[in-house]
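So the structure is just underneath, and the comments pick up after that.
Read-outs throughout are calculated quantities, based only on the coordinates presented, and are distinct from any laboratory measurement. Predicted model only: the values in this text are computed from it and were never measured. Please note: Cβ atoms are built from the backbone with ideal geometry, for glycine as well, and neighbour counts cover all protein chains shown.
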Amino acid sequence: MKNRIFNRTGKAAALLMAAIMALSGCDYSLSGKESSGIVQADESAAENVKKQESTGKQNIGEPVVLELYDVMTVPYMRLQAYGDNADEALALGEEKIKSLDALLSTGNPESEIGKLNASGSEKLGDDASFLLKTSLDFYRQTDGAFDVSIYPLMELWGFTNLYDAGLEEAIEEAEQKVKEKAKKGETGSGKESEPASEETREAPSEADIQEVLKKVDCSKIEFHEETGEVTLPDGMKIDFGGIAKGYASQSVAEILRENGITSAIMDLGGNIQAVGRKPNGSKWRIALNDRNKGGFLGILTVEDCAVITSGGYERNFRDAEGNVYHHIIDPKTGHPADNGFSVDASVTIVCENGTMADALSTAMYVCGPEKATEYWRAHRDEFQMIMMTDKNKMYVTEGIADDYQSDYKYEVIH
Ligand code: ADP
Ligand code: MG
């Protein structure tokens, strides 16, 4: 059983983006979800795709594209690599992603995490051990903002429900939208303006939240790093949803590099990872979607690094009064984070280490802009950040200011 947990809007948008790119001849779209980045295709790249389609051959100028559906809670992933060995290297990458899915999925009772959550103890293999160790480090470093024992709260808030509408149906809907766009002559790498959520249900009661909150506290996990043995207190469950995709993209990047790939770009559901530069020697251009107005917040140029966005609009629901609740939970309150980043906000982390980028995108979101700024100042050599707050204010840390362009006003953080 797959752990499909995105709402319909997100899924359709992901598929829509895929379909748009296929129809418009662009070589890459980096928008797994509405929030995520998109690399703008240039014309020569589009030409390359056409060439590849017509000849089936590959060389350094012609990408090999691997598309994966419904894996690691991501409806659509796209990996694109250049070079003679791209086929084989991507096949190894696919194997890695699928093995991580099988190990880490909370929805699969046979996974290491499924077993750990059911029985309270388990001997973890290398991947899950590494993730737990890293997660505990970030728990300490972020003053508890990043807490992988959050899962009981995710369950209470209903963010683990499997997405059960048919994939086919979502694809059809996406294709329909693409056709409409094509008729209007748009090649579309902008976002679709859609409501925050189609789902209506009630939030849990405060009493239930407080009760479940007692089960959330990473510091109570007993973990023997050398052996991988882990024991959880009664009722605690863990969830690597805030870090696993970044780890996957980083692992695949390493596999690609080990296999001689010097140019590749991946979108693992909004978790973007670049290997090297584009084959023509220029940097990859990644556009961050603008949730509020459509189009882009800005465009970032990068090489050899991860660009990972967390946004409250990615997964959420509405109650009868119209309040919207999102899926990034503040472990201190048990409620969706609301410290200056809420439903329409986003935090993008840019750094070489994909695992760190993913964990920090979630953690900084929980912290809110002020604490996130403080955290960045203490770790300014490790990562860079673009923040869009609830109040529609954009901040960019100085380490990437020269590589970022936006039509909006933004403040550079020093
Ligand atoms: P997405 O998975 O939508 O790309 P994130 O990387 O921000 O976005 O991760 C959100 C996921 O992280 C949630 O779905 C949940 O699995 C997990 N999560 C939510 N709140 C926290 C938290 N405070 N600490 C660690 N993980 C969290
Ligand atoms: Mg994250």
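Quick look at the numbers
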| read-out | value |
| --- | --- |
| Scan of segment 303-312 for residues that are part of a loop (DSSP other than H, G, I, E, B) and away from ligand 1 (no atom under 12 Å from the Cβ), ordered by number | Glu303, Asp304, Cys305 |
| Segment 380-406, subset touching a residue at least 60 places away in the same chain (Cβ under 8 Å) and part of a loop (DSSP other than H, G, I, E, B), residue farthest from Lys293 (Cα to Cα) | Asp403 |
| Residue within segment 313-333 that is within 12 Å of ligand 1 (Cβ to nearest atom), in a loop (DSSP other than H, G, I, E, B) and either over 22 Å from the mean Cα position of the chain (by Cα) or surrounded by fewer than 18 Cβ atoms within 10 Å (Cβ to Cβ) (or both) present | yes |
| Selected residue (criterion: surrounded by the fewest Cβ atoms within 10 Å (Cβ to Cβ)) from residues of segment 379-412 that are among the aliphatic types (A, V, I, L, M) and touching a helix residue (DSSP H, G or I) at 6+ places or on another chain (Cβ under 6 Å) | Val412 |
| Residues satisfying the stated conditions in segment 268-300, i.e. more than 17 Å from Tyr410 (Cα to Cα), more than 16 Å from ligand 2 (Cβ to nearest atom) and either touching a residue at least 60 places away in the same chain (Cβ under 8 Å) or surrounded by 24 or more Cβ atoms within 10 Å (Cβ to Cβ) (or both) | Ala274, Val275, Lys278, Pro279, Asn280, Lys283, Trp284, Arg285, Ile286, Gly294 |
| Selection from segment 200-256 of residues that are β-branched (Val, Ile, Thr), in contact with a strand residue (DSSP E or B) (Cβ under 7 Å, 6 or more places away or on another chain) and closer than 22 Å to Thr362 by Cβ | Ile221, Val230, Val252 |
| Looking only at segment 242-261, and only at residues there that are in contact with a Leu (Cβ under 9 Å, 6 or more places away or on another chain) and in a loop (DSSP other than H, G, I, E, B), the one that is farthest from ligand 2 (Cβ to nearest atom) | Asn259 |
| Residue check for Asp358: closer than 13 Å to Val307 by Cβ, of a type outside the set (A, V, I, L, M, F, W, C) and within 16 Å of ligand 2 (Cβ to nearest atom) | yes |
| Tyr375 vs. criteria away from ligand 2 (no atom under 13 Å from the Cβ) and not hydrophobic (A, V, I, L, M, F, W, C) | yes |
